[in-house]
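Peer 1: First, the structure itself, so that you have it in front of you.
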Amino acid sequence: MTTVLIDYESGNLHSAEKAFQRMARNAGTGEVIVSALPEDVARADRVVLPGDGAFPACLRGLKACDGLFEALDEAVRHRAVPFMGICIGMQMLATTGHEYEQTPGFDWIGGDVERIVLSDPTLKVPHMGWNDLVIDHPHPVLEGVATGDHAYFVHSFQFHVSDPASRLAYVDYGGEVTAMVARDNMVGLQFHPEKSQAAGLRMIGNFLGWAP
């Protein structure tokens, strides 16, 4: 089995690569590679889309890689390959992003990505650091993870899902801020699992063994 972390120059993938490789070794779930090649995505058994930065720039960067988005779309939507989006990689699943400019997303999970609006003036945006997950719905990727477990966030925009059933978890940060989304063979994490210690590694391991 091969898990591909897509590299479209949206950030440093070293820590994510090491975390996925570690959990793949522990579970015996095959190789983990970082690649920008459409042919690697086309043969992948699992695909991970990370992303750091602004929604429009990340989306343009991905689609500027010749054939890469098409290979991703074919793998996820047509072959039903298990997919994980991380940070902006999760946000791009939405219908529309509203960071700097209105930008069409993948529209794989309905909703909009909008700036975090806080009810508590003592809090700051970006939402940065550790926060406690609140689980909305059970999911195989969340096996062994409970409400109150910590995850590490760095973001200023959040995913407002159209269907509440698509939101797996949230955190309280001046209101409910989406932490995880899912639909069919797709799961998205707003936080960085590779930086989220035991809970994050557990989710990576669960994803590598997930058979939706």
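Only the coordinates and a few stated rules stand behind these numbers; no lab work does. Given the structure is predicted, the values throughout are model-derived calculations rather than measurements. Glycine gets a Cβ as well: all are built from the backbone with ideal geometry, and neighbour counts include every protein chain shown.
Peer 1: Only four residue types carry charge here, +1 at the Cβ of Lys and Arg and -1 at the Cβ of Asp and Glu. Report the dipole size of the chain about the Cα centre in Debye, rounded to the nearest 20.
Peer 2: 420
Peer 1: Something else now. Rounded, prolate or oblate: which fits region 1-70, taking a ≥ b ≥ c as square roots of the Cα gyration tensor eigenvalues, rounded meaning a/c under 1.5, else prolate when a/b beats b/c?
Peer 2: Oblate shape, in that a/c is at least 1.5 and b/c is the bigger or equal ratio.
Peer 1: What is the spin-label model distance, in nm, from THR2 to TRP130 if the labels are put 7 Å beyond Cα along the C-beta direction?
Peer 2: Output for this residue pair reads 3.8 nm.
Peer 1: Next question. By how many nm would the segment from ASP163 to GLU114 lengthen if fully extended, with 0.36 nm per residue of separation less the alpha-carbon distance?
Peer 2: 16.0 nm
Peer 1: Computed from these coordinates, which is Cα Rg over 2.2 N^0.38 Å: (i) 0.98; (ii) 1.06; (iii) 0.94?
Peer 2: (iii)
Peer 1: What net charge is computed for the residues neighbouring ARG77, neighbours being all others with C-beta under 13 Å from the C-beta of ARG77, Lys and Arg scored +1, Asp and Glu -1?
Peer 2: Counting the neighbours of ARG77, the net charge comes to -3.
Peer 1: Would you tally the net charge around ARG183, using a Cβ to Cβ cut-off of less than 14 Å, leaving ARG183 out, and scoring K and R as +1, D and E as -1?
Peer 2: Computed value for this residue: -2.
Peer 1: Okay, moving on. Compute the length gained on full extension between HIS14 and ARG43: take 0.36 nm times their separation in residues and subtract their Cα-Cα distance, giving the result in nm to one decimal.
Peer 2: Taking 0.36 nm per residue and subtracting the Cα distance, the gain is 8.2 nm.
Peer 1: Another question, if that's okay. I'd like the distance between the alpha-carbon centres of region 150-212 and region 92-149, rounded to an integer number of Å.
Peer 2: Distance between centres, Cα-based: 7 Å.
Peer 1: For the chain, modelled as a Gaussian network with Cα springs under 10 Å, which listed residue fluctuates most, PRO50, PRO104, PRO164?
Peer 2: PRO164
Peer 1: Please name which of ALA182, ASN131, LEU59 has its Cα lying farthest along the dipole of the chain towards the positive end, using unit charges on Cβ (Lys, Arg +1; Asp, Glu -1) and the Cα centre as origin.
Peer 2: Result: ASN131, furthest along the dipole toward the positive end.
Peer 1: Per 0.36 nm of contour for each residue apart, how much would the distance between ASP73 and GLU101 grow if the chain were fully extended, relative to their Cα-Cα spacing?
Peer 2: Difference between extended and current length: 7.7 nm.
Peer 1: Sketch the reach of a paramagnetic label on ARG60 as a point 7 Å from Cα along Cα-to-Cβ, and name the residues of region 154-170 whose backbone nitrogen lies under 15 Å away.
Peer 2: Label zone hits: none.
Peer 1: Compute the signed sum of charges (Lys and Arg +1, Asp and Glu -1) over the other residues within less than 9 Å, Cβ to Cβ, of THR3.
Peer 2: Here the count lands on -1.
Peer 1: With the Cα gyration tensor of region 131-212 giving a ≥ b ≥ c as the square roots of its eigenvalues, does the rule (a/c under 1.5 for rounded; else a/b larger than b/c for prolate; else oblate) give rounded, prolate or oblate?
Peer 2: Oblate, since a/c reaches 1.5 and b/c is not below a/b.
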